Each structure stands twice: as C-alpha cells, then as structure tokens.
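Bear in mind these aren't lab numbers, they're just calculated from the coordinates by the rules spelled out. Note that the coordinates shown come from a computational prediction; the quantities given were computed from them, not determined experimentally. FYI the Cβ positions are ideal-geometry reconstructions off the backbone, even for glycines, and counts take in every protein chain you see.
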Amino acid sequence: MLRRFIIMPFLGCLATTIIWCSCVSPSSPVSRVQDIPETNSEMIEQVTISEYDLHAFVSSDTLEVIARNLTEYFAATNEGRWDDLMHHFPMHKKQGDTTFVQSSKEALDHWTERGVKNRTAAAEIVYASPAFTDGDQQVILLNMELSHFVEFYPNYDGPRPDGMKGMVESNYGKGNAVYKEEPLAPGDSLPLRYWEVSGLNRIWAVSHVDSTHWCFLPPNFNESGAASMMGANAMVDALRHRRANDPTAER
C-alpha cells in the first residue's frame with residue numbers, strides 16, 4: 001500500500017513528492033565515486049533568465065519579479081525557513097487557514113529531522129507562458145533548466161531511496177534523475193544517498209489579481225490533493241500554449 005507525501009519545491013501542498021511505501025522498486029545504478037559532485041556546497045544564489053534560449057510571453061519586468069520570488073522560494077526550501085516558504089504558497093486559496101499552515105510546517109520539520117532534504121543548486125528560466133486569468137488569480141507556466149538534489153542523510157530510516165526513481169521522475173521529468181551515493185564519512189554507518197536532478201522542469205507561477213507577489217506550485221500539484229489551487233481551463237490553456245510555443249515542450 002502506497003502512502004504519498006509531499007516535501008519540497010513545493011508543497012504540492014508541501015513540496016517534492018516522496019512516496020513512502022512498504023514495497024521497493026528495483027534499484028537504480030549507482031554512479032562511481034569519482035563522478036559524484038561535492039554536495040552541500042551548491043546553493044542557489046539567483047534564478048536566472050536565459051539570455052539566448054528564452055521564449056517568454058510576459059513582459060520582462062514581470063518575468064524579473066517572478067525570478068526574484070522563485071529565488072526566495074528555492075532559498076527558503078534549501079535553508080528550511082518554512083514561514084518564508086509558506087509565503088510562496090497561494091494562501092489566497094486558503095485564506096485564514098492557520099491549521100493548514102501549521103500542519104504543513106510540522107510535516108516539513110518531521111521529514112527534515114528524519115534525514116530528508118531538498119536542495120536546489122541552480123535554475124534558469126527558458127520559457128514563460130502568457131498570464132492566464134483564473135478566477136481571482138493569474139497563472140503563468142514556466143519551464144526551466146534545473147539542478148536539484150533530493151538527499152537522504154545517514155539518520156534517514158525510511159524505505160530505500162534508490163527505489164524512488166519513478167517518484168522522482170514524476171516530479172522532475174523522465175530521464176532527469178540519477179541516483180548516487182557518497183563514500184562513508186568517519187563515524188557514519190551509512191553514506192549520504194541522493195538523487196541528482198538535471199534537466200528541464202516545469203513549475204506553475206500564480207499571483208492574486210491584486211498582487212505582484214508570485215507563488216509556486218509543482219507541475220503535478222493536481223495529483224496531490226491540491227487540484228483546487230487552479231482551474232482546469234487555465235491549466236489546459238497554458239499547457240496548450242507551451243506545446244505550440246516552447247521548443248523544449250517535447251523534451
């Protein structure tokens with residue numbers, strides 16, 4: 001029996017969806033030690049906007065504001081600042097729901113303390129759809145080149161991370177994730193295990209119609225109990241626009 005939990009960029013109603021299950025799928029190949037980057041040293045400083053490959057259908061001013069807000073969102077996730085992270089969840093859809101905010105932060109704390117961490121190293125926006133009106137909000141679909149890590153520290157005691165390939169790829173794109181392990185550190189009984197994500201990844205940017213503050217939803221947010229965050233028409237219109245106007249849409 002599968003139990004789905006969300007914990008990263010972003011709170012789909014929580015963030016990277018990690019499937020905790022009693023059965024484990026076949027292991028993925030582990031890369032050689034010499035191929036492994038030095039983890040923990042790479043933290044995103046700024047979401048960039050592609051200079052040469054950009055296909056944007058919003059003004060440059062709007063895209064720059066979105067990039068700044070997305071930088072804050074990734075940095076808050078990296079540093080475990082859950083109040084700041086919640087500031088980039090579309091709370092206008094759950095206005096006054098303090099129980100949701102508190103339970104979300106408690107869940108993020110729980111899995112962080114159990115040894116799971118999501119870390120974004122770099123992101124470059126290559127496509128931005130027009131802004132579609134969706135009731136009380138504006139919706140923009142972004143596509144970006146993403147460098148991201150889902151890390152499992154030695155104190156992690158859940159199902160084997162190497163069996164999560166399908167889950168990771170459902171969030172970050174098929175073929176974008178590689179499972180790796182670092183050598184044992186002195187005193188550790190288990191290595192640092194992690195999925196390294198590198199490739200194109202979509203994300204939804206949403207803003208209340210009376211605000212210039214942008215919030216974010218993962219590409220598959222509607223599969224994780226958060227379908228009410230966006231109407232079907234806006235979602236379909238944005239996806240259709242991307243298929244017709246983003247050269248990377250088929251990748």
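Could you give the distance between the Cα centres of segment 67-94 and segment 110-140, to the whole Å?
Result: 9 Å between the Cα centres.
Would you please give the residues with an amide H less than 5 Å from that of Ile49, counting only those at least 5 places away or on a separate chain, with H modeled from the backbone geometry?
HN-HN under 5 Å from Ile49: Ile125.
Measuring from label point to label point, each 7 Å out along Cα→Cβ, what is the Glu79 to Thr48 span in nm?
Distance between the two pseudo-spin positions: 2.2 nm.
Using the count of nearby Cβ atoms within 10 Å as a rough guide to exposure, how do Lys105, Lys117 rank from fewest to most? Working shown, then result.
Numbers: Lys105 16, Lys117 22.
Placing the least packed residue first, the sequence is Lys105, Lys117.
In what sequence, highest mean first, do 232-242, 123-133, 94-104 appear when ranked by Cβ atoms within 10 angstrom?
Descending mean neighbour count gives 123-133, 232-242, 94-104.
Using the 10 angstrom Cβ neighbour count as an exposure proxy, how do Ser207, Ser50 rank, fewest first? Before the final figure, lay out each step's value.
Working: Ser207 21, Ser50 14.
Taking fewest neighbouring Cβ atoms as first place, the list is Ser50, Ser207.
Would segment 110-239 count as rounded, prolate or oblate if I go by the C-alpha gyration tensor, calling it rounded below 1.5 in a/c and otherwise prolate when a/b exceeds b/c, oblate otherwise?
prolate
Please find the FRET efficiency linking Leu190 to Glu169, where r is the Cβ-Cβ separation and R0 is fixed at 25 Å, and quote it to the nearest 0.05.
Computed FRET efficiency for Leu190 and Glu169 comes out at 0.55.
Which residues does the label zone of Glu250 cover in segment 132-147, counting backbone N under 12 Å from a point 7 Å along Cα→Cβ?
Zone members listed by number: none at all.
Kindly rank 74-81, 152-159 from highest to lowest mean number of other beta carbons found within 10 Å of each residue.
Going from most to least packed, we get 74-81, 152-159.
To the nearest 0.05, what FRET efficiency results for Ser211 and Tyr153 with a Förster distance of 41 Å applied to their C-beta separation?
On the way: r = 37 Å, r/R0 = 0.90.
For Ser211 and Tyr153, the calculated efficiency is 0.65.
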